[in-house]
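Step one of this worksheet: look at the structure below.
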Amino acid sequence: MGGSPRDPGPRRIDFHSHSYLTDGTTSATDMWFEAEVLQHRALALTDHVGLEDPRPLLDQLRREASGWDGSPFVPIVGVELTKVPARRIADTARACRKAGAEIVIVHGETTVENVPAGTNHAAIDSGSVDVLAHPGLLDPRDAELAKDHDVVLEISARVGHSLTNGHVARVAIEAGAELVVDSDAHGPEQLVPLEQALRIARGAGLADDRVERALFTTPAALVRRLRGR
Ligand SMILES: [Zn+2]
Ligand SMILES: [Zn+2]
């Protein structure tokens with residue numbers, strides 16, 4: 001993945017991270033700055049939201065993102081719906097979108113925490129969610145629904161959430177659903193450089209063509225979709 005200084009080659013795109021506006025350790029500005037230093041093309045800040053008004057959080061993130069106006073680096077402003085009752089995921093996701101979220105991801109049914117039952121299905125079925133984060137023991141029928149609804153499924157670099165990466169990769173590929181590799185970084189030291197993301201994708205069992213798709217093709221298409229709407 002080399003390239004001359006004029007052609008930096010494929011860049012890392014990450015759709016999931018946190019700032020101290022929720023449970024991260026530093027500012028969104030610092031996260032975006034460090035991602036740029038790590039040669040990322042784009043990083044989404046997706047701080048946790050529940051049923052509260054998401055506007056103060058999103059307004060703050062948007063203000064910080066404006067620091068990159070005119071820059072090739074893409075700071076994506078978003079939310080991670082976290083432990084919202086499954087029946088409220090669709091309307092909450094829509095409210096976040098209306099309040100200015102460029103990306104809406106959902107804290108999926110990881111095997112290392114209690115998450116409301118039905119979260120994976122409700123997120124995929126909502127029509128307003130872009131990425132289902134760390135979906136744990138994802139039901140193959142929900143993976144098929146994810147393909148139909150263009151919901152991207154996440155391979156997670158985060159300790160604990162990553163335990164089911166192999167399962168998520170397998171059911172996603174069998175269903176024809178798209179995958180991305182996200183850091184879920186809660187601080188700059190947890191951002192994932194490209195070489196490490198490649199190892200995580202291979203470690204989840206992805207063959208070379210699928211690694212390419214999860215790290216470059218799908219993320220680039222998702223950035224276009226987020227910025228185009
Ligand atoms: Zn999460
Ligand atoms: Zn997260």
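The values are calculated or read from the model by the stated rules, or taken from the named source; none is laboratory data. Note that this is a predicted model, so its numbers are computed, not measured. Glycine gets a Cβ as well: all are built from the backbone with ideal geometry, and neighbour counts include every protein chain shown. These accessible areas exclude ligands, DNA and RNA; they are computed on the full protein's heavy atoms, side chains included. Shrake-Rupley method; radii C 1.70, N 1.55, O 1.52, S 1.80 Å.
Restricting to the range 170-229, and then to whatever is part of a loop (DSSP other than H, G, I, E, B) and of a type in the set (D, E), can you tell me which residue is surrounded by the most Cβ atoms within 10 Å (Cβ to Cβ)?
D184
Comparison of D30, D47 shows that the only residue that is charged (D, E, K, R), over 28 Å from V211 (Cβ atoms), within 16 Å of ligand 1 (Cβ to nearest atom) and modelled with pLDDT of 95 or more is D47. Scanning the range 43-61 for residues that are farther than 17 Å from T29 by Cβ and free of Cβ contacts under 8 Å to residues at least 12 places away in the same chain yields one hit, E52. The C-beta contact set for the range 16-27 (first residue open to solvent by less than 70 Å² (accessible area, probe 1.4 Å) and within 11 Å of ligand 1 (Cβ to nearest atom), second residue in a loop (DSSP other than H, G, I, E, B) and small (G, A, S), distance under 8 angstrom, 6+ apart or interchain) comprises H16/S183; S17/G24; S17/S183; H18/G24. The single residue among V131, V79, V168, V115 that is touching a helix residue (DSSP H, G or I) at 6+ places or on another chain (Cβ under 7 Å) and touching a residue at least 24 places away in the same chain (Cβ under 8 Å) turns out to be V79. Taking the range 133-147 as the range and being outside any helix (DSSP H, G or I), surrounded by 24 or more Cβ atoms within 10 Å (Cβ to Cβ) and away from ligand 2 (no atom under 16 Å from the Cβ) as the test, only L138 passes. Tell me, which residue of the range 114-132 that is under 16 Å from the mean Cα position of the chain (by Cα) and under 21 Å from I173 (Cβ atoms) is surrounded by the most Cβ atoms within 10 Å (Cβ to Cβ)? Among those residues, the one meeting the criterion is A123. In this structure, I155 qualifies as within 17 Å of H107 (Cβ to Cβ) and either in a helix (DSSP H, G or I) or within 14 Å of ligand 2 (Cβ to nearest atom) (or both).
I need the full set of residues from the range 47-99 which are open to solvent by 60 Å² or more (accessible area, probe 1.4 Å) and within 16 Å of ligand 2 (Cβ to nearest atom), in order please. Of everything in the range 47-99, just one residue is open to solvent by 60 Å² or more (accessible area, probe 1.4 Å) and within 16 Å of ligand 2 (Cβ to nearest atom), namely K83. In the range 118-142, the residue that is nearest to ligand 1 (Cβ to nearest atom) out of those that are acidic (D, E) and farther than 15 Å from A86 by Cα is D130.
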